[in-house]
Amino acid sequence: MADRIVLAYSGGLDTSVAIRWLKEKYGYEVIAAIIDVGNEKDFSAVNEKALQVGAIKAMAVDAKKAFVNDYIFPALKAGAMYEGVYPMATALARPLIAQILAKIAQQEGAVAIAHGCTGKGNDQVRFEVTINALTSQIKIIAPAREWGMTREETICYAERHSIPIPVKSGHAYSIDENIWGRSIECGMLEDPWNEPPEEVYAWTKSAKDAPDEPGYHEICFEKGIPVALDGQMTNGLDLIQKLNELAGLHGVGRIDHVENRLVGIKSREIYEAPAAITLLKAHQALESLTLAKDQSRFKQKVTQEFSDIIYNGLWFTAGRQDLCAYIDSTQRFVSGTVRIKLYKGCCTVVGRKSMHSLYSHNLATYEEGDQFDQSTAPGFIHLYGLPVKTQAKLQPIFEQAENK
Ligand code: ARG
């Protein structure tokens, strides 16, 4: 009996060619694993195609709920965005997909796992670091990194072996999508000076075509997790899907970024992440109401560290777990409701409230009911400015104004 290999299958050109190539080159029996993280495909058709192209077995795994609860929500609580702009849809899904591949390989007695990543991106790193952490002695093969074919040659290979080609001519983009967002690379986007053409966007309207009336919505959070939309309790998956539609309709969530990849190059990336951008904004607004200043300042450092860890493929590490524990602790009082306004490409927070709010109207008001004792301010300023005053007197760092 031939050795078995589990292939992360998408139904696209590269992984379809890989089924055939793995058989031809290594003599493997290929098990195609289709992992659904909200990539909105017709999974039975993809299954069918894998078998038709030569897989001995094809299986679809619905991982959407696990993706939301175990990956997206921890990232939302952390406020995770790579380089402050990218909510990391792709980066968050990779460790989960790798974990599922490892499990299938074990169940099926496979000796190897294959993925369709090239040798230039972050995803190969994320997959392989995770697989190596969760398995022992499993071989990893990345056909697209090994076969050395150009895109044209890959298409010829597919034609020679009657593998159906999904690529539409003229659309030279590389696309990855799941419920947390969509990423578009390649083609004319490789010149960072080129404005992305409208055709790259699939989830968001342009501001020009967005409704002239703003959309108002209320998102309710419990301990940092969104639990209701417009007063209706909703599970995480449905809430994210609904927000992708609502915010996408108003053109919210388009991102154009020149990104520092882990493998040392800069790449130009376009993202669409309507729900992610909206939820991250709303969540942050609730934190500004419920976290103390020192918690909030320190959490920003954790956010940055956490984001880099995710981006760099280090989900399955003790370091990531430790940061998650800290982040969970910060979310104890991050419960309440945020009102957002979606309008012509912008998501604006226009209201926020929480039973754990640290905002005190009596302390902040300039009107009737003011409880802030202004007579204590001079004493505060005196002590606060004492070291500044002392240094300025004793060391000639600034010219002192003579008052004669
Ligand atoms: N640059 C992003 C990341 O590394 C997205 C990569 C997605 N791949 C694609 N073919 N568009 O997370």
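The values are calculated or read from the model by the stated rules, or taken from the named source; none is laboratory data. Everything quoted here is computed from the prediction, not taken from an experiment. Cβ atoms come from the backbone with ideal geometry, glycine included; neighbour counts cover every protein chain shown. Calculation scope for accessible area: heavy atoms of the full protein, side chains included, ligands and nucleic acids excluded. Shrake-Rupley method; radii C 1.70, N 1.55, O 1.52, S 1.80 Å.
Each row is one residue, and each column tells you yes or no for (1) open to solvent by 60 Å² or more (accessible area, probe 1.4 Å); (2) part of a helix (DSSP H, G or I).
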site	(1), (2)
GLN304	yes, yes
GLY313	no, no
ARG332	yes, no
GLN371	yes, no
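Does ALA33 meet the test of being over 26 Å from GLU269 (Cα atoms) and more than 16 Å from the ligand (Cβ to nearest atom)? The answer is yes for ALA33. For the stretch 144-199, taking the residues that are under 21 Å from VAL30 (Cα atoms) and within 16 Å of the ligand (Cβ to nearest atom), the one that is most open to solvent (accessible area, probe 1.4 Å) is identified as ARG145. Would you please name the residue that is nearest to GLU269 (Cα to Cα), looking only at residues in the stretch 159-187 that are at pLDDT below 90 and among the polar types (S, T, N, Q)? Top of the filtered list is SER174. Note on the stretch 289-302: among residues that are surrounded by 17 or more Cβ atoms within 10 Å (Cβ to Cβ) and part of a helix (DSSP H, G or I), the one that is nearest to the ligand (Cβ to nearest atom) is VAL302.
Selection of the stretch 120-141 for residues being modelled with pLDDT of 95 or more, farther than 20 Å from ASP308 by Cβ and either part of a loop (DSSP other than H, G, I, E, B) or within 14 Å of the ligand (Cβ to nearest atom) (or both) yields THR135, ILE138. Scanning the stretch 385-402 for residues that are of a type outside the set (A, V, I, L, M, F, W, C) and surrounded by 10 or more Cβ atoms within 10 Å (Cβ to Cβ) yields GLY385, LYS389, THR390, GLN391.
Comparison of GLU259, GLU245, GLU272 shows that the only residue that is surrounded by fewer than 22 Cβ atoms within 10 Å (Cβ to Cβ), within 13 Å of the ligand (Cβ to nearest atom) and of a type outside the set (A, V, I, L, M, F, W, C) is GLU259. Residues considered: LEU342, LEU286, LEU363, LEU323. Of these, the only one that is assigned to a helix (DSSP H, G or I), under 27 Å from LYS242 (Cα atoms) and either open to solvent by 30 Å² or more (accessible area, probe 1.4 Å) or more than 16 Å from the ligand (Cβ to nearest atom) (or both) is LEU286. Of the residues making up the stretch 93-119, those that are within 15 Å of the ligand (Cβ to nearest atom), within 17 Å of THR15 (Cα to Cα) and open to solvent by less than 10 Å² (accessible area, probe 1.4 Å) are ALA98, HIS115.
In the stretch 57-78, is there at least one residue being touching a Lys or Arg at 6+ places or on another chain (Cβ under 7 Å) and not in a helix (DSSP H, G or I)? The answer is no; no qualifying residue exists. Taking first residues from the stretch 66-92 that are away from the ligand (no atom under 16 Å from the Cβ) and among the charged types (D, E, K, R) and partners that are open to solvent by 10 Å² or more (accessible area, probe 1.4 Å) and in a loop (DSSP other than H, G, I, E, B), the Cβ contacts under 9 Å between residues at least 6 apart in sequence or on separate chains come to LYS77/LYS223.
Whether any residue in the stretch 33-43 is buried (at least 24 other Cβ atoms within 10 Å of the Cβ) and assigned to a loop (DSSP other than H, G, I, E, B) is what I want to check. Yes: the stretch 33-43 contains one or more residues that are buried (at least 24 other Cβ atoms within 10 Å of the Cβ) and assigned to a loop (DSSP other than H, G, I, E, B).
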